[in-house]
1. Just the residues that are assigned to a loop (DSSP other than H, G, I, E, B), exposed (fewer than 14 other Cβ atoms within 10 Å of the Cβ) and at pLDDT 95 or above, please, taken from region 75-106.
2. Search region 117-138 for residues being in contact with a helix residue (DSSP H, G or I) (Cβ under 6 Å, 6 or more places away or on another chain) and within 19 Å of residue 153 (Cα to Cα), and hand back the single one that is surrounded by the fewest Cβ atoms within 10 Å (Cβ to Cβ).
3. Of all residues being in contact (Cβ under 8 Å) with a residue 40 or more places away in the chain and within 12 Å of the chain's Cα centre (by Cα) in region 6-18, which is surrounded by the most Cβ atoms within 10 Å (Cβ to Cβ)? Just the residue, please.
4. Return the residues of region 19-46 that are in contact (Cβ under 8 Å) with a residue 60 or more places away in the chain, within 24 Å of residue 90 (Cβ to Cβ) and in contact with a helix residue (DSSP H, G or I) (Cβ under 7 Å, 6 or more places away or on another chain); say none if nothing qualifies.
5. Only one of these conditions is not met by residue 52: (1) more than 16 Å from the chain's Cα centre (by Cα); (2) part of a helix (DSSP H, G or I). Which number is it?
6. What are the residues in region 142-164 that are assigned to a loop (DSSP other than H, G, I, E, B), out of contact with any strand residue (DSSP E or B) (no Cβ under 6 Å at 6 or more places or on another chain) and farther than 17 Å from residue 178 by Cβ, if any?
7. All but one of (1) under 19 Å from the mean Cα position of the chain (by Cα); (2) closer than 23 Å to residue 13 by Cα; (3) surrounded by fewer than 14 Cβ atoms within 10 Å (Cβ to Cβ) hold for residue 33; state the number of the condition that does not hold.
8. Condition first: farther than 13 Å from residue 69 by Cβ, in contact with a strand residue (DSSP E or B) (Cβ under 9 Å, 6 or more places away or on another chain) and not in a strand (DSSP E or B). Now tell me which residues in region 1-10 satisfy that.
């Protein structure tokens with residue numbers, strides 16, 4: 001039996017690589033060059049993910065997935081949220097976005113943050129399903145580590161235990177995928193598709 005085949009509606013090479021590392025047993029197809037994705041101007045991660053997945057499915061006729069994700073700081077009322085990738089302005093680098101968030105949390109007693117991911121699936125028939133997952137942690141003020149991307153160098157996940165002070169950027173890829181918001185959402189997708197070897201993560205489809 002051939003593995004499931006999914007077009008991945010992203011131009012972000014980091015996301016594509018992480019999804020490929022987690023979704024073993026699924027054929028992931030890069031988004032064809034001519035396909036235009038809609039702007040990420042939705043008010044929720046789910047809205048943005050569905051918009052991209054719908055566009056990829058409409059353009060290719062194949063089942064498509066799209067992820068929209070970001071970081072939410074409790075003391076900022078959930079910001080940056082859907083604006084995480086452009087928090088410091090259009091075209092801002094990962095380092096600039098992270099520096100702004102660290103600056104805004106300076107002196108805050110509550111430094112709790114959460115990574116949030118919405119992974120949308122639109123199949124060949126146009127049926128839609130969204131898998132949502134979170135990873136809780138704290139934001140430190142001195143970035144550490146060379147791995148990952150985005151806010152990873154300052155994100156210390158709670159799931160590694162109270163004595164483990166490593167950031168997401170200091171974890172191995174396998175350690176990160178086991179607890180990350182994207183890894184959890186991807187495993188829920190794989191379980192839904194019936195791919196062997198993927199345990200259903202905590203959470204569910206929306």
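The values are calculated or read from the model by the stated rules, or taken from the named source; none is laboratory data. Quick caveat: nothing in here was measured; it's all calculated off a predicted structure. Cβ atoms come from the backbone with ideal geometry, glycine included; neighbour counts cover every protein chain shown.
1. Across region 75-106, the qualifying residues are 77, 89, 93, 106.
2. 136
3. The selected residue is 18.
4. 44, 45
5. Failed condition: (1).
6. 142, 143, 144, 146, 149, 150, 162, 163
7. (1) is the only condition that residue 33 fails.
8. 2, 3, 4, 9
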